[in-house]
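**Student:** Below you will find the structure I want to go over with you.
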Amino acid sequence: MKFDASLTYTSYEPHMHKAKTERQRRQLASVVAHAKGEVQGDLGPVLESLCEDPQYHEYGVFANVPGDTGPKGWDAVVKNYEEMVETGSYVIESIKDRLVIDDEEIVTDGRYRQILPASVAKSMGYVAEDDDSSRHYVLSPPALRKGHHDHRVAEQDARAAHRRDREPIAHR
């Protein structure tokens, strides 16, 4: 399976021309730096891109859990990022097929894959607790991301189907 985490930030390149004002260019540059920090496990650029009270709205992240499960507030968002890096679950490939930007927000639509250790996939409800068929899984939900930006992320909406396709990638 080919997996290229750098697409998470390089797939913005074909869309950079859509930023028409200086404000939009700064917002887009901040989002690219944030995405690069995420996939490189460098939380410095990620945290620098957040406002004082970020609000993440995430739907369909946990199996069979309807509603918004995203972290709210500085401490919860930072903890979320730290846990993802610590557990090894921040292995993502996010390709932006479409991007719309104005002075208030950036909306992307595209494809998303995430490699999760089995323990994390189990804790999220995607793999049965007694399933030992693989050490890692690839989750592939459809993705729509919407973020409000003023150089810093104030809100981020992530919507995934309540059913994520999962595929074992390393058999025991």
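**Student:** So which residues in segment 67-83 are touching a residue at least 24 places away in the same chain (Cβ under 8 Å), touching a Phe, Trp or Tyr at 6+ places or on another chain (Cβ under 8 Å) and surrounded by fewer than 18 Cβ atoms within 10 Å (Cβ to Cβ), if there are any at all?
**Tutor:** Asn80 - this is the single residue of segment 67-83 that is touching a residue at least 24 places away in the same chain (Cβ under 8 Å), touching a Phe, Trp or Tyr at 6+ places or on another chain (Cβ under 8 Å) and surrounded by fewer than 18 Cβ atoms within 10 Å (Cβ to Cβ).
**Student:** So how many residues does segment 87-127 have that are within 20 Å of Ala63 (Cα to Cα), of a type in the set (Lys, Arg) and more than 13 Å from the chain's Cα centre (by Cα)?
**Tutor:** Residues in segment 87-127 being within 20 Å of Ala63 (Cα to Cα), of a type in the set (Lys, Arg) and more than 13 Å from the chain's Cα centre (by Cα): 1 in total.
**Student:** Another one. What are the pairs, 6+ residues apart or on separate chains, where a residue within segment 91-112 that is under 13 Å from Tyr9 (Cα atoms) has its Cβ under 6 Å from a residue that is among the hydrophobic types (A, V, I, L, M, F, W, C) and loosely packed, with under 14 Cβ neighbours inside 10 Å?
**Tutor:** Glu93/Phe3
**Student:** Any idea which of (1) part of a strand (DSSP E or B); (2) buried (at least 19 other Cβ atoms within 10 Å of the Cβ); (3) among the hydrophobic types (A, V, I, L, M, F, W, C) is the one Cys51 doesn't satisfy?
**Tutor:** With (1) part of a strand (DSSP E or B); (2) buried (at least 19 other Cβ atoms within 10 Å of the Cβ); (3) among the hydrophobic types (A, V, I, L, M, F, W, C) applied to Cys51, the lone miss is (2).
**Student:** Given the criterion among the acidic types (Asp, Glu), surrounded by fewer than 17 Cβ atoms within 10 Å (Cβ to Cβ), at pLDDT 90 or above and within 20 Å of Tyr112 (Cα to Cα), identify the matching residue among Glu22, Glu13. First the steps, then the outcome.
**Tutor:** Details: Glu22 fails: within 20 Å of Tyr112 (Cα to Cα).
Answer to the selection: Glu13.
**Student:** Within segment 15-38, is even one residue closer than 21 Å to Glu83 by Cβ and not in a helix (DSSP H, G or I)? Lay out the reasoning, then the answer.
**Tutor:** Quick first cut of segment 15-38, residues closer than 21 Å to Glu83 by Cβ only: 34-38.
Next cut, not in a helix (DSSP H, G or I) only: none.
The answer is no, given that none of the residues of segment 15-38 is closer than 21 Å to Glu83 by Cβ and not in a helix (DSSP H, G or I).
**Student:** So, in segment 3-14, of the ones that are part of a helix (DSSP H, G or I) and out of contact with any strand residue (DSSP E or B) (no Cβ under 6 Å at 6 or more places or on another chain), which residue ends up farthest from Ile92 (Cα to Cα)?
**Tutor:** Out of the qualifying residues, it is Pro14.
**Student:** Just for strands (runs of 3 or more DSSP E) wholly inside segment 86-172: which have at least 2 residues that are at pLDDT below 75?
**Tutor:** Fully inside segment 86-172 and qualifying: 136-140, 142-149, 153-159, 165-168.
**Student:** Have a look at Glu38, Glu58 and point out the one that is crowded, with 16+ Cβ neighbours inside 10 Å, farther than 21 Å from Ile101 by Cβ and in contact with a Ser or Thr (Cβ under 7 Å, 6 or more places away or on another chain).
**Tutor:** Exactly one residue qualifies, and that residue is Glu58.
The values are calculated or read from the model by the stated rules, or taken from the named source; none is laboratory data. The shown structure was predicted, so the numbers you read here are calculated from the model rather than taken from an experiment. Positions of Cβ are generated from backbone atoms using ideal geometry, with glycine treated the same way; all protein chains shown enter the neighbour counts.
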